[in-house]
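Engineer: Submitted below is the structure of interest, expressed as structure tokens.
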Amino acid sequence: MLRNRVLLLLAIAGFAGALGLPFLTHAANRLVSGMPIGLMAILEERPVWAGALLPPVALLLVAPFLSPRTAVHALVGLAAASLLLLLPLVAGIAAGRLAAAAPPMARTSLGGGFWCAGLAASLALADALSRLRASPAAAALCTAVVVVALGVLLRSGALNGLAVVREYAARQDVLATAVIRHVGLVVGALVPSVLLGVLLGVRAAQRRGFGAALFLNVVQTVPSIALFGLLLAPLSGLAHLFPRLGELGIGGVGVVPAGIALALYALLPIARGAAEGLGNVSPAALEAGRGLGMSERQLLWRIAMPLALPVMLAGLRVATIQAVGLAAVAALIGAGGLGAIMFQGLFADALDLVLLGVVPIVLLALIVDALFRIGIARTQRVPR
């Protein structure tokens with residue numbers, strides 16, 4: 001009897017994608033189309049990898065029909081995590097063998113089969129953690145173990161034959177600078193958004209009419225590129241009228257317009273989270289505070305704010321993850337960061353260079369999401 005339709009669908013999709021799509025592509029250089037290499041061709045050359053991949057794949061295909069017990073879910077999670085390590089290892093060793101017999105300009109890139117299988121394994125791991133009812137901290141720890149293990153593989157040199165790793169080796173300093181710039185841009189935009197957003201949220205919770213006006217979702221409906229363009233003219237005009245502002249870096253392009261746009265985008269989820277959190281505070285708790293002689297300000301900071309904190313953190317979580325992604329688009333107006341690497345790869349038609357910018361953005365978003373989930377879970381605990 002079928003017990004887990006989601007897992008069965010993921011297992012079939014990952015298995016079919018890994019075998020039906022190219023697992024790797026090998027090209028003479030980054031400018032020409034690559035020759036597709038299937039997973040079966042790699043496994044026929046090195047049968048030992050077939051023996052390593054077979055147990056976790058077989059378990060993922062059989063587990064949907066097993067009784068939904070804790071041990072089964074744990075084995076599914078272990079099998080999915082194993083695949084997340086084995087797939088890049090197989091790809092890296094195969095790429096290394098190809099690189100040894102090819103000229104220095106040759107590139108071996110990850111193909112659609114690899115990404116399909118990797119995505120299916122990631123979702124299977126997430127499904128297993130969900131069915132195990134793992135806490136946010138446990139889920140984050142599990143993800144961190146997989147990421148650290150991948151980092152060990154990267155440091156060992158087993159993945160050096162892959163084009164994306166070669167791009168990383170050639171741009172380590174640039175990548176580190178881009179990560180710092182990206183994080184700084186996000187933090188710099190969120191600080192004023194948090195201060196103003198919480199203030200607006202408090203006002204919205206206290207005055208219903210103000211809240212209705214606040215939540216007119218105007219900024220969110222404007223595409224990010226359009227908003228950058230709208231800021232270009234007024235900021236350029238200010239820099240022209242007041243040269244001192246230009247000396248401080250305020251102009252139509254660069255970090256300042258990017259920070260303003262990100263702050264505007266982050267303002268609504270932060271303000272809405274604060275307003276909803278404060279609006280849902282139990283009136284009984286406030287009455288109890290008034291009975292103790294607390295002032296309105298004391299009620300806000302000592303009772304309402306702590307009770308509303310989980311919802312406020314949820315709004316900040318949405319705003320932060322959104323800012324991490326939108327900061328990449330800000331590279332189009334000279335803000336730098338990881339988006340600069342991503343767009344450089346897009347303009348040069350270099351997929352591996354695009355991945356070098358995209359993968360850290362995804363990792364940053366995952367880290368932010370995990371930290372906020374842990375924080376929200378802790379604030380939701382009822383003290384004994």
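The values are calculated or read from the model by the stated rules, or taken from the named source; none is laboratory data. From a predicted model like this one, the values you see are computed outputs, not experimental measurements. Here the Cβ is made from the backbone with ideal geometry for all residues, glycine too, and neighbour counts use every protein chain on show.
Engineer: Output the number of residues of region 352-371 satisfying the condition of being crowded, with 20+ Cβ neighbours inside 10 Å and hydrophobic (A, V, I, L, M, F, W, C).
Structural biologist: Here the count works out to 6.
Engineer: Kindly state which helices (runs of 4 or more DSSP H) lie completely within region 195-303 and contain at least 3 residues that are at pLDDT 75 or above.
Structural biologist: 224-241, 255-279, 283-291
Engineer: Kindly evaluate residue 82 against the criterion of being in contact with an Asp or Glu (Cβ under 7 Å, 6 or more places away or on another chain) and under 23 Å from residue 149 (Cβ atoms).
Structural biologist: When the stated conditions are applied, residue 82 does not pass them.
Engineer: Which residue pairs have Cβ atoms closer than 7 Å, lie 6 or more positions apart in sequence or on different chains, and pair a first residue in region 321-335 that is without any contact (Cβ under 8 Å) to a residue 60 or more places away in the chain with a second residue that is aromatic (Phe, Trp, Tyr)?
Structural biologist: Note: pairs meeting the criteria are 322/265; 331/343.
Engineer: Quick check on my filter: what residues within region 23-37 are surrounded by fewer than 18 Cβ atoms within 10 Å (Cβ to Cβ), part of a loop (DSSP other than H, G, I, E, B) and not aliphatic (A, V, I, L, M)?
Structural biologist: The answer is 29, 33.
Engineer: Right, another one. Give the residue, chosen from 57, 76, that is touching a helix residue (DSSP H, G or I) at 6+ places or on another chain (Cβ under 6 Å), β-branched (Val, Ile, Thr) and over 20 Å from residue 351 (Cβ atoms).
Structural biologist: 76
Engineer: (1) crowded, with 17+ Cβ neighbours inside 10 Å; (2) charged (D, E, K, R); (3) modelled with pLDDT of 90 or more: which one isn't true of residue 107, the others all being true?
Structural biologist: All conditions pass for residue 107, except number (3).
Engineer: Could you please give the count of residues in region 7-22 that are surrounded by 19 or more Cβ atoms within 10 Å (Cβ to Cβ) and closer than 24 Å to residue 81 by Cβ?
Structural biologist: 6
Engineer: Oh, and also: If you check 120, 126, 138, which single one turns out to be in a helix (DSSP H, G or I), surrounded by 21 or more Cβ atoms within 10 Å (Cβ to Cβ) and not acidic (Asp, Glu)?
Structural biologist: Result: 120 is the single residue among 120, 126, 138 that is in a helix (DSSP H, G or I), surrounded by 21 or more Cβ atoms within 10 Å (Cβ to Cβ) and not acidic (Asp, Glu).
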